[in-house]
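Note sheet for the following structure.
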Amino acid sequence: DGGITQSPKYLFRKEGQNVTLSCEQNLNHDAMYWYRQDPGQGLRLIYYSQIVNDFQKGDIAEGYSVSREKKESFPLTVTSAQKNPTAFYLCASDDSLGYNEQFFGPGTRLTVL
Amino acid sequence: QQPVQSPQAVILREGEDAVINCSSSKALYSVHWYRQKHGEAPVFLMILLKGGEQKGHDKISASFNEKKQQSSLYLTASQLSYSGTYFCGTSVIQGAQKLVFGQGTRLTINP
């Protein structure tokens, strides 16, 4: 079955540590996205990529970094520069045509101890 | 600019109807609607494109008023399974969907 996988489901990190969240899709989608969701809030765009080896900052990119070396993979690194990283992180993908749905992964809940 | 959803929360009894609105200050190309259960990924409901079309399946439908830069989601004869938080996501250009999501509307359906 096609879909998006994110790992791990839960992640704990000590302050000052970098951590990488995995996102893989087998939908053959060109575009991939990372969103952050805080309790009771909507989704805010961190980074997105429309094609391999290219990505753009979203609305809240500070303290985060990404790479897009393969079409299927779009890992997100939460760096120590991110002031308040505890949140629910969602990865999504679509076919980049502008009129189809975004498919979401199950999410990673990151907690900074 | 984040679209504004209203109401922020609504509580209904099973079988009642609900309307959720999503308003933007910018001209829109598309509006996406998603439903999210607590701790889960958002699930796609429908997308409306510039042109003012209305869409629907089963007892959930939506409209898109281009002139008012507003979309409304209609849930009729609500079921318990409709409970969750509803988000609209908007885009202003055609192509790669850099969506901006509203803050969400929490819908609770009681028996």
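Compute a Gaussian network model of chain A, connecting alpha carbons closer than 10 Å, and tell me which residue from A:Pro75, A:Pro85, A:Pro39 fluctuates the most.
Residue with maximal mean-square fluctuation among A:Pro75, A:Pro85, A:Pro39: A:Pro39.
Given an 8 Å cut-off on Cα distances and at least 6 residues of separation, report the relative contact order of chain A as a percent.
This gives 35 percent for chain A.
Using a 7 Å offset from the Cα along the Cα-to-Cβ direction at both A:Lys70 and A:Lys57, what is the distance between the two label points in nm, to one decimal?
2.9
Considering only B:Gly51, B:Gly39, B:Gly89, give the residue with the highest GNM mean-square fluctuation for chain B, with springs between Cα atoms whenever their separation is below 10 Å.
Highest fluctuation of the listed residues: B:Gly39.
Report the Stokes-Einstein translational diffusion coefficient (µm² s⁻¹, integer) for chain B, Rh taken as the Kirkwood radius over Cα pairs, at 4 °C with viscosity 1.567 mPa s.
Estimated via Stokes-Einstein, D reaches 93 µm²/s.
To check my understanding: the extent here is largest minus smallest coordinate of the Cα atoms along each principal axis. What are those three numbers for the protein assembly as shown, in Å, largest first?
49, 37, 36
Among B:Lys50, B:Lys98, B:Lys26, determine the one that fluctuates most according to a GNM of chain B built with springs between C-alpha atoms less than 10 Å apart.
Sorting by GNM fluctuation, first place goes to B:Lys98.
Place +1 on the Cβ of every Lys and Arg and -1 on the Cβ of every Asp and Glu in the protein assembly as shown, take the dipole about the Cα centre, and give the residue among A:Phe12, B:Phe87, A:Tyr89 whose Cα lies farthest towards its positive end.
The one lying farthest along the dipole's positive direction is A:Phe12.
Using the C-alpha gyration tensor of the range A:40-83, what are the square roots of 5 times its eigenvalues, in whole angstrom, with the largest one first?
19, 13, 9
Can you tell me the dipole magnitude for chain A around its Cα centre, using point charges on the Cβ only (Lys, Arg +1; Asp, Glu -1), in Debye to the nearest 20?
520
In debye to the nearest 20, how big a dipole does the protein assembly as shown give about its Cα centre with +1 on each Lys and Arg Cβ and -1 on each Asp and Glu Cβ?
Value, rounded to 20: 500 debye.
Do you know the Lys pair count in the range B:1-100 for C-alpha distances under 23 Å, with sequence separation 8 or more or different chains?
17
Given Cα pairs under 8 Å that are at least 6 residues apart, what percent is the relative contact order of the range B:1-78?
Computed value for the range B:1-78: 33 percent relative contact order.
How far is the Cα center of the range A:1-65 from the Cα center of the range B:3-27, in Å?
Between the Cα centre of the range A:1-65 and that of the range B:3-27, the gap is 28 Å.
Pop out the Kirkwood hydrodynamic radius of chain A from its pairwise C-alpha distances, inverse of mean 1/r, in Å to one decimal.
On the way: mean 1/r = 0.0715 Å⁻¹.
One decimal place: 14.0 Å for the Kirkwood radius.
Values quoted throughout were computed directly from the atomic coordinates according to the rules given, and no laboratory measurement underlies them. Only a predicted model underlies this, so the values are computations on that prediction, with no experimental measurement involved. When we count neighbours, we look across all protein chains shown, and the Cβ atoms used for this are built from the backbone with ideal geometry, even at glycine.
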